[in-house]
Structure formats: C-alpha cells, structure tokens
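What follows is a single structure, written as structure tokens, with notes after it.
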Amino acid sequence: MKDILLEAINKVISEMGLEAPSVLIDYPGDMSHGDLYTNVAMMLAKKAGKNPLDLAGEIAENLKKLSIKDVTKIEAVKPGFINFSIDESYFDTAIKTVLHEKIHYGKNQSMKGKKVVVEYTDPNPLKLFHVGHLMSNTIGESVARLIEWTGSDVRRFCFQGDVGRHIALTIYGLRLMETKFPDENSSSKEKVAFFGQAYAKGSTYFKDHPEIEAEVQEINKKVYERSDNEVNEVYDKGREWSLEYFEEIYKILGTKFDRYFFESQSAGPGIKAVEEGLSKGIFEKSDGAIIFNGEKYGLHTDVLITKVGLPTYAGKELGLAEMKYNAFPYDTGITVTANEQNDFFKLTIKANNLLFPFLEGKLHHLSHGMMRLPEGKMGSRTGNVIAGRDFIDETVASVLEKMSERKMSEEDKKVVSEEVAVAAIKFSVLKQTLGKDIIYDKNKALSFEGDSGPYVQYSFVRAGSVLRKGEENGFAVDENFVSKVERDIVISESGNSESALKRLIERFPTVVERAQSEYAPHYVAQYLLALSGAFNSFYANSQIANSLSRLALTKAFQFTVHNGLWLLGIKAPKEM
RNA sequence: GCGCUCGUGGCUCAAUGGAUAGAGCACUUGGCUUCGGACCAAGGGAUUGCAGGUUCGAAUCCUGCCGAGCGCACCA
C-alpha cells in the first residue's frame, strides 16, 4: 500500500509540474491521523511558492481523482500533511496473506543471491566467555537472520584468538597457581574457570612485575612455534576444553556456526599479506616493526608485525579477511564487535582494501555497546567480569522460580525455562539501538514483565491457548481453516483494538525491511512490543474463541510474533 | 592533547527533519462467575545537558561550551 501511494503521489506532483524530492510516506504514530500520511506538500511548498496547506489540498484533490483502490479518505490537514485512510477489507486481506505465508510472512528477496558472511561472538579459548560475548552473539545471530530474510546466502563465522599474549599470560599465571589442574571429569565450567583464574593471575602479576616481560614474550613465541612440550600440553588441553564449553553455550543460545577460524591459522597468511604490502609500499618499516601508517587517511598508525617478527591482532586481521573470502566469496562481510574496536576496524578495513582491491566496499564493521557494571567497565584482566554462562544460569533459576506453580513435567520446565531466560537476555540487548552500553546490575534481576522478551513470549503462549479454546468451540485451525476464513470474511469496525492489531500485523514486512537495511534488530524488538501490547489489549476487550475472524486474527498474530522472535534469535514456546 | 560515540520523566530505553516527545520499571487508582494476571484500563511525572544557528518545522542537522564512555605503536 505504501508503494502504491508513493507511486500515485509521484505521478500527481510531476503532473503538477513539481519536482519530487524523496517523498516520505509513513504510518503516523497516532491512528487518529489515519493509516498513512505524507509530508510531501510541506517539502515542496516553498519551491512551488505556495502555502503548504493549500498545496496539500491541491495534491489531495488530484489524488482523489485517481480513485486508488482501498483508499477511502484523502485529507489535507493543518501544517500541510496529507492523511490517508485505508479500507478495513484491505487489512482483512493482509491477514489472509499471513495465514497463507505462515512462517515465511515478512520475508523478502531484496538481496536474492547475494553472499554474506557474518562474523560474531569471537571468544578467545582459554579466556572467559563473558557477557560481552553473549551480547555479540545475540546481535550477530539476529543480524545473520535478518540478512537471511533478504534472500541472501549467509554464512556464520566465528574467529577465535587461540594464540597471542593472553595465552602466554595464562600459561604464566598457571605456574603461579597452587590450585590443582582440573581433571577430565570436572564440569566444563570448572575447567574453564580454572583457566580464567590463571589469566587473571598472570595479568595482574605482570602489571605489578613488568620485569617478566621477556619471559612472557618467550612463552608467546613458544606458543606460536609449538616448540615446547610443556606449553603445548597445557595449551592443547585448555583450547579443547574451551571450545567444548563454547559449544554448550551456543547450543543454549541457538547459534550454529558454519565455520571457525583461529588466530593460529591467520597468523601465517597475515605475515604473508603484510610482507606483500610492505613490498608494494602500502606498509612501512619503523623501529624494526612493520606498520601501517594510517595518518595519510586520517587514521592512527598501528603495528602489524612486531620487531620480534610476530603478527599483532591487526596483522592477523589482514590474513583473516582473505581466508574468509577464500572460504566463501562474499559480497558483504560483516564483523560484529564491541565499539571499543571502532578505530581498529577503520584501520584494518582500510588496510585490507589497499591490499586486496577486490574487497573494496565489501567489509563492514558493526559495533555494539558494552555490558557494564554499575561500578564501571568489566575487565577480564582484573577479574571483575560476569561469565556468560553464570548469567544464563542465574536467569534460568529465576525463571524456574516464577514457573514453580506451573503444571509441567520437569523436563519441559527445563527446556522452557531456558527458552524464556534466553529471551529475557537477548531481548534486553536487542530492544535498544546498537552501540549503546547496557548496564548490568546484578542486584536488579532481568525483567520478565513490561518491555521484555518474556512479555512477547507470553502473548504468543496466550494466543495459543485461545486457539485451543477455539478448537473446542469447533473452530479447528487445520488445513481448512484458511479457506473457511476466505469464505467467511467478517469486516470488523475500525477504531477498536481489533483493527489496531490488524493494522500492526499488516506492517510487519516494512518493519523487517527497515531492520534489514539498517542492520538494526531493535526495530523488530520494538515492533514486537507494540504488537504484543495490541494483542493483549484485543484479548482483554473481546471474546475471541467464539469467532472465526477473531481466531484468524489471533492465528495471524501468532505467526507474526513467531517470525519476529525468530529474527531476534528467540524461541516462541507453546507453554511457559 | 587528538579522534570517535553518547547526554531524552526518579530509573531503563523508543522516536525516518514532522502532528500533543512514546513505552516499560517505580508510584497512585480500577479490573478475574469470560479464552493463562509474566495481563488490561487509567493517573501523576519531561525546559530532550546548556547557549546560539539553519529550517515552514529540530530530541534529531551545524557551531561553541559542560559532562560521560571508548580509542590513540609493537596487547587482543
């Protein structure tokens, strides 16, 4: 409908001899202003030498002459808006579309055939998987799903820092610890916690004893070269345990990576790329190290290969871009990280473009804020970090507490409580604009009410419950349901909670498009809150289970919520 | 110091240069003989950090100031 009106407006204004700017046509915030509005008259008034309201009136008159299907009212108002009212039957048709498209409702083909890689989460083996990784995973997964809905071929990549200074510090810290090395039978949580402590120990010790620098560098070199059996043994065990532990978390979160990359693999290609860049004059030598002088491009200067000959994070990033491209020749390569890496990515993207001209315009960095504690930044070096797994487990525990009254098997409770907890966590991340920090207050439990994931899930569950009731009343939602709805069109009156819900369901695909084009899942999250609110209001105001049209609307609501939650990486449970 | 990002009710967040700045939490009040109360309805609560500017129109764009966060050469 938006497109139809847009076309009509453009036609009318060009017939009036006016140049069309990029016309805004949208849903008004307040339904009392009609179903759609445009501000085109105000934008053109000055150029046309007319008063905005008069011009709006003229455009409105000309639009009326076109007698556009389903448009029942065109009205020029106050400063110069033109408001449109759409016939109720148009929305009834939209509801039927939902019932046909089911779990595909909202998809489009805007990027059909494009290849896209999304790299996210990126935890480091031997280091703690903290709430920040949870955030990156949540956002990356949602973005990957949004892109899948453009018809693109998406690959999920995860890059893990299995070599480097943090590993050396962990191994050093291990030597300082009295605690016994955990055995194979310990839980993966214990195993990983052990290495987390070692890292904290190693890095705090290093902070107070800078004289161990040479020793740490020596260990680091051994890790790269795999030249020391003792180091290798610790390293291999730690890496294996970490990766197992990460898999457990991905399973709970609902992410499945297509491919893992490790820094130990990108080091070689990184060095090769940097040396090639050096010979081409893209990079230069300085103080024994190889650097990228970003100042020519208004960026910083960063070291790519240290004077000891080891690639830095930046150097390895240069190798990674090519490795990713070789694994899957993408049109768009997105990397999701916290915004503390913004400058770093500006730098490496620039360097990658210079080095690999075929990557020009393909690399994108998507940054998000950080999980912060009320008392300040979390840092794994100091040890005041919240483990991602602990955060999930604590949330699950409080969901279970809330579910204690529910009659449900223990097994089901376990599954559902996990789904609800993950919803609460993910939604709290995805409901707000990317890039802003989230303050995590341990004393304030995550919300299950109001603007929350569980609120949306609850609405879905409730809808399911009503549908079952409808079935008892002889309105089975089966193969014949849609055709029954088709025959029995019941047009509801406009202006009530039922028509408000209908209108929201109809605009879902446009919400998805916007979220896709801006890589902004929060539009979907915010929409789901509004949609759920509209449903709950409708539910409170009408008897649903005895009306086919209202059941049809409820079913359409269910599909829409289900699809929206899916885009956020959140499950829609049957019961909770 | 330089660069990037951000300041919206007590708190946490929305708002494509557009209409009366929206929600949730907290607070006050009302609603289960109806389909799940993790709900609904209503109320109070905002000089959108401050000062200018651009515009028919600014939370949004520009400039300055104040405040916060992040980054800035051999860590990742």
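Key figures
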{"item": "Length-normalised contact order for chain A - Cα pairs under 8 Å, 6+ apart - percent", "result": "16"}
{"item": "Over segment A:427-576, volume per residue of the alpha carbon convex hull, in Å³", "result": "124"}
{"item": "FRET efficiency, A:Met408 to A:Arg372 (Cβ-Cβ, R0 25 Å, nearest 0.05)", "result": "0.10"}
{"item": "By average C-beta atoms within 10 angstrom, highest first, the peptides A:461-473, A:548-560", "result": "A:548-560, A:461-473"}
{"item": "Largest-first principal axis extents of the Cα set of chain A (Å)", "result": "81, 65, 42"}
{"item": "Computed magnitude of the charge dipole of chain A (debye, nearest 20; Cβ of K, R +1, Cβ of D, E -1)", "result": "700"}
{"item": "Relative contact order for segment A:417-576, counting Cα pairs under 8 Å that sit 6 or more residues apart, in percent", "result": "38"}
{"item": "Selection of trypsin sites (Lys or Arg not before Pro), segment A:1-77, meeting DSSP coil and at most 13 other Cβ within 10 Å", "result": "A:Lys69"}
{"item": "Phi to ³J(HN,Hα) by Karplus 6.51 cos²θ - 1.76 cosθ + 1.60 over segment A:67-79, Hz, x for Gly, Pro", "result": "5, 6, 4, 6, 8, 9, 8, 10, 9, 8, 10, 3, x"}
{"item": "Segment A:314-378: GluC sites (Glu not before Pro) falling in loop per DSSP and having at most 12 other Cβ within 10 Å", "result": "A:Glu360, A:Glu375"}
{"item": "For segment A:294-416: relative contact order, % (alpha-carbon pairs under 8 angstrom, 6 or more apart)", "result": "18"}
{"item": "Segment A:152-197-segment A:347-361 distance, computed between alpha-carbon centres (Å)", "result": "32"}
{"item": "Under 5 Å, built H, 5+ apart or other chain: amide partners of A:Asn39", "result": "A:Leu24"}
{"item": "Estimated 222 nm signal from helices in chain A, with DSSP H stretches of n ≥ 4 weighted -39500 (n - 2.57), rounded to 500", "result": "-17500 deg cm²/dmol"}
{"item": "Ranked by how many other beta carbons lie within 10 Å on average, peptides A:135-148, A:498-511 from highest", "result": "A:135-148, A:498-511"}
{"item": "Degrees, to the nearest 10: A:263-279 long Cα axis against longest axis of chain A", "result": "90"}
{"item": "Residue order, fewest to most beta carbons within 10 Å, for A:Phe292, A:Phe460", "result": "A:Phe460, A:Phe292"}
{"item": "Under-5 Å amide H pairs with A:Asp153, H placed in peptide plane, nonlocal only", "result": "A:Gly113, A:Lys114, A:Lys115, A:Val116"}
{"item": "Mean Cβ neighbour count within 10 Å, used as a protection proxy, ranking A:344-356, A:177-189 highest first", "result": "A:344-356, A:177-189"}
{"item": "22 Å Cα-Cα reach of A:Lys189 towards lysines, excluding residues that sit fewer than 8 places from it in its own chain", "result": "A:Lys127, A:Lys180, A:Lys201, A:Lys237, A:Lys251, A:Lys256, A:Lys414, A:Lys426, A:Lys442"}
{"item": "Loop GluC sites (Glu not before Pro), segment A:1-82 (other Cβ atoms within 10 Å of the site Cβ: 10 or fewer; DSSP)", "result": "A:Glu19"}
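Bear in mind these aren't lab numbers, they're just calculated from the coordinates by the rules spelled out. It should be emphasised that the depicted structure is a prediction, and the values quoted were computed from it without experimental measurement. Using ideal geometry, Cβ is built from the backbone for each residue, glycine included, and neighbour counts are taken over all protein chains shown.
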